[in-house]
Amino acid sequence: MSGPNNDYDPVEVTPLKAEEVEAARDAALAAVAAAGDLDELKQARLDHAGDRSPLALANREIGALPPQARKEAGQRIGQARGAVNKAIAARQTVLEAEHEERMLVTETVDVTLPTTRRRRGSRHPLTMQSELIADIFVAMGWEIAEGPLVEAEWLNFDALNLGPDHPARTMQDTFWTEPAENHVVLRTQTSPVQARTMLTRRPPIYIACPGRVFRTDEYDATHSPMFHQVEGLVIDEGISMAHLKGALDHFAARLFGEGIGTRFRPSYFPFTEPSAEVDLLCFVCRGEDSDSCRTCKGEGWIEWGGCGVVNPRVLVACGVDPEVYSGFAFGMGVDRSFMFRHELEDLRPLFEGDVRFASAFGTEI
Ligand code: DAH
């Protein structure tokens, strides 16, 4: 067994010679200075300051020196390694700054360049509003009913007590289809859906019917030959005008805001008796400062639609026993409601299909 080699006292270890250390340091500094980017600097660091670099290997040899030589060699190596590390850090700062600057230039995006991206479509604001209206009634437990746009004359007029001599039946208002003896019209109102519903189902009936209607009106800022209405019909036992008022007040508040109610003015519709025009409390001035209000034009109220207690003649025509059941009905313009909800003075953009108009209402798919 051999004991510790206490006599071992080499005078020199080659890698620790001053010239060797200087050469290693200079090679390291040269490599650092030559590093043109961060990757090259990383490689230089591995080669010249890493665990297997000449200076690191030399450092390990220090322990093998005789005590008197250790201090000097330690200093020499320490200084060389210090100089190399400092140079690496300085070069790192410079290269990082350069890198960042290059990124700013090469990754610049010219936001003014024309794009090939397709515009997103928009749902039509009237579709959205019709759905909103439908939701209000569905939330009350009503059903949504629909009917055809091309309708039998009898359902559009006769069943609703609009007799053959009623002015609305003249050629002025109604689009008739050919041949005339078929008695088919483009529906002039959503009211035939009332007749269709009563004819096909037993009461109780609680329906709302938003839909498209047609009249031979000139196309201008406030008229269109095609527009939209929403119809309401309730048939049940013991239904009165008071229920009608309650339902319309609720509808108005949901669509136009809390506190917006309705008022009735006596009127005439063949399918209701008594009948009323419904006005909506102006949701802009709330009737308080109406003189300067553009929305209600100083009235404090906005004309909204028609309503009434269903005429017993209509019930009989549609097979409902007026001795047992009574009901109410109402109808109003969806486009008109949209116009005043959004302070639109011309309804034509609603029908002209410009997607910018639809997008302006934020109605994205
Ligand atoms: N159909 C009527 C119109 O187009 C509106 C209307 C009025 C509908 C009174 C109703 C109603 O259901 O009761 O002018």
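The values are calculated or read from the model by the stated rules, or taken from the named source; none is laboratory data. Note that this is a predicted model, so its numbers are computed, not measured. A quick note on method: Cβ atoms are made from the backbone with ideal geometry, for glycine too, and the neighbour counts reach across all protein chains shown. With ligands, DNA and RNA removed, areas are computed over all heavy atoms of the protein, side chains included. Shrake-Rupley method; radii C 1.70, N 1.55, O 1.52, S 1.80 Å.
Residue count for the stretch 282-295 under the criterion of being under 11 Å from E343 (Cα atoms) and at pLDDT below 85: the result is 2. Reported count of residues in the stretch 299-321, each being surrounded by fewer than 18 Cβ atoms within 10 Å (Cβ to Cβ), over 15 Å from L160 (Cβ atoms) and out of contact with any Cys (no Cβ under 9 Å at 6 or more places or on another chain), is 2. Scanning the stretch 73-92 for residues that are more than 14 Å from E22 (Cα to Cα) and loosely packed, with under 15 Cβ neighbours inside 10 Å yields K86, A89, A90. Remark: pairs (first residue in the stretch 265-289, in contact (Cβ under 8 Å) with a residue 12 or more places away in the chain and farther than 17 Å from I239 by Cβ; second residue open to solvent by 70 Å² or more (accessible area, probe 1.4 Å) and small (G, A, S); Cβ separation under 9 Å; 6+ apart in sequence or on different chains) = C285/S292.
Cβ-Cβ distances below 9 Å connect the following pairs, each with a first residue in the stretch 208-235 that is farther than 13 Å from Q189 by Cα and aliphatic (A, V, I, L, M), a second residue that is assigned to a strand (DSSP E or B) and open to solvent by 40 Å² or more (accessible area, probe 1.4 Å), and a separation of six or more residues or different chains: A208/E143; A208/I144; L233/Y206; V234/Y206; I235/Y206. Taking the condition open to solvent by 10 Å² or more (accessible area, probe 1.4 Å), near the ligand (Cβ under 10 Å from one of its atoms) and charged (D, E, K, R), does E258 pass? Considered against the rule, which asks whether it is open to solvent by 10 Å² or more (accessible area, probe 1.4 Å), near the ligand (Cβ under 10 Å from one of its atoms) and charged (D, E, K, R), E258 comes out as no.
Cβ-Cβ contacts under 7 Å between residues 6 or more apart (or on different chains), taken from a first residue in the stretch 327-353 that is among the aliphatic types (A, V, I, L, M) to a second residue that is open to solvent by 40 Å² or more (accessible area, probe 1.4 Å) and within 16 Å of the ligand (Cβ to nearest atom), are listed as L347/T222. Taking the conditions (1) of a type in the set (A, V, I, L, M, F, W, C); (2) open to solvent by 50 Å² or more (accessible area, probe 1.4 Å); (3) within 11 Å of the ligand (Cβ to nearest atom) in turn, A329 satisfies each one other than (2).
Annotation note: of A253, A242, the sole residue that is among the small types (G, A, S), open to solvent by 60 Å² or more (accessible area, probe 1.4 Å) and more than 10 Å from the ligand (Cβ to nearest atom) is A242.
Residue-wise test of (1) surrounded by 13 or more Cβ atoms within 10 Å (Cβ to Cβ); (2) charged (D, E, K, R); (3) more than 18 Å from S224 (Cβ to Cβ).
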{"residue": "A134", "(1), (2), (3)": "yes, no, yes"}
{"residue": "F137", "(1), (2), (3)": "yes, no, yes"}
{"residue": "G141", "(1), (2), (3)": "no, no, yes"}
{"residue": "A152", "(1), (2), (3)": "yes, no, yes"}
{"residue": "A159", "(1), (2), (3)": "yes, no, yes"}
{"residue": "Q189", "(1), (2), (3)": "yes, no, no"}
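Taking every residue in the stretch 142-170 that is closer than 20 Å to G232 by Cα and pairing it with any residue that is open to solvent by 60 Å² or more (accessible area, probe 1.4 Å), at least 6 positions away or on another chain, the pairs with Cβ-Cβ distances below 6 Å are W142/Y206; G147/R196; L149/R212; N161/R313. The residues of the stretch 27-62 that are part of a helix (DSSP H, G or I), open to solvent by 80 Å² or more (accessible area, probe 1.4 Å) and either without any contact (Cβ under 8 Å) to a residue 24 or more places away in the chain or of a type outside the set (D, E, K, R) (or both), listed by number, are D39, E40, K42, Q43, L46, R60. Within the stretch 197-215, is even one residue charged (D, E, K, R), touching a Gly at 6+ places or on another chain (Cβ under 8 Å), within 15 Å of the ligand (Cβ to nearest atom) and closer than 30 Å to L347 by Cα? Checked the stretch 197-215: no residue is charged (D, E, K, R), touching a Gly at 6+ places or on another chain (Cβ under 8 Å), within 15 Å of the ligand (Cβ to nearest atom) and closer than 30 Å to L347 by Cα.
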